[in-house]
Amino acid sequence: MLSQQVKLRQAMAARGTLYFAADDGQLRRLRELGYQVMRVDPEAVDIRVLRVRRSGSEDNMRESGIVVVTREPTYWIVSGTLAQLRRLVAAGYRLEALAPGEPRPRWIRLVVGSQTDVQRVANLDIDIFSVADTAGRYTILGAALDMQIERLRQAGFTVVLLPRP
């Protein structure tokens with residue numbers, strides 16, 4: 001509704017913030033409507049997900065703020081701002097577009113001890129296919145990207161990777 005009323009272009013919502021392209025008149029109108037508006041550098045907030053041919057170090061990419069979404073045998077799928085991705089290119093990494101169906105999540109199984117733990121897993125944005133309760137132990141079958149699997153392990157969960165059906 002707001003983007004239609006003020007005719008915003010390239011609107012994108014992320015982490016509770018609305019990013020958009022606008023001219024001075026549109027910005028003035030938003031302020032009149034009571035919105036707090038501030039200019040940001042698109043290089044710092046515009047995020048892309050791309051393939052990076054494996055060369056160099058994953059640690060070097062991470063140090064520059066790049067998030068490794070998944071690891072494949074010959075490439076990584078990464079997420080980063082335009083500025084971060086430009087620095088990767090300058091460092092000699094080769095970026096490519098995603099193939100259809102990418103990124104592909106891994107099939108996983110976790111066994112947790114409570115319904116609270118099931119909720120904690122769900123809060124990490126894991127695709128949960130089923131939860132089986134066996135005498136107070138909950139077996140979760142689902143799918144997750146490598147970055148989500150890392151978060152699960154950092155949260156203390158044991159993740160078992162399953163073969164694709």
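Two decimals is fine: what's Rg over Rh for the range 44-96, C-alpha atoms, Kirkwood radius as Rh?
The Rg/Rh ratio comes out at 0.91.
Ranked by Cβ crowding within 10 angstrom, fewest neighbours first, how are 76, 107 ordered? Intermediate values should be presented prior to the final figure.
Details: 76 20, 107 17.
With the sparsest Cβ surroundings first, the list reads 107, 76.
Could you tell me the center-to-center distance, by alpha carbons, between the range 66-95 and the range 101-165 in angstrom?
Answer, in whole Å: 26.
Going by how many other Cβ atoms sit within 10 Å of their own, how do 38, 147, 61 line up, fewest first?
38, 147, 61
Take the Cβ-Cβ distance between residue 95 and residue 153 as r, set R0 to 30 Å, and report the resulting FRET efficiency rounded to the nearest 0.05.
Step by step, r from the Cβ atoms, then E = 0.60.
Regarding the chain, what is the average projected area of its C-alpha convex hull, in nm²?
It is 13.2 nm².
State whether the range 1-87 is rounded, prolate or oblate according to the following rule on the C-alpha gyration tensor (a ≥ b ≥ c being the square roots of its eigenvalues): a/c under 1.5 gives rounded; otherwise a/b larger than b/c gives prolate, and the remaining case gives oblate.
On the way: a/c = 3.67, a/b = 2.95, b/c = 1.24.
Because a/c hits 1.5 or more and a/b exceeds b/c, the range 1-87 counts as prolate.
Every number in this text was worked out from the coordinates using simple rules, so none of it is lab data. Keep in mind it's a predicted model, so treat the numbers as computed, not measured. Backbone-built Cβ (ideal geometry, glycine too); neighbour counts: all protein chains shown.
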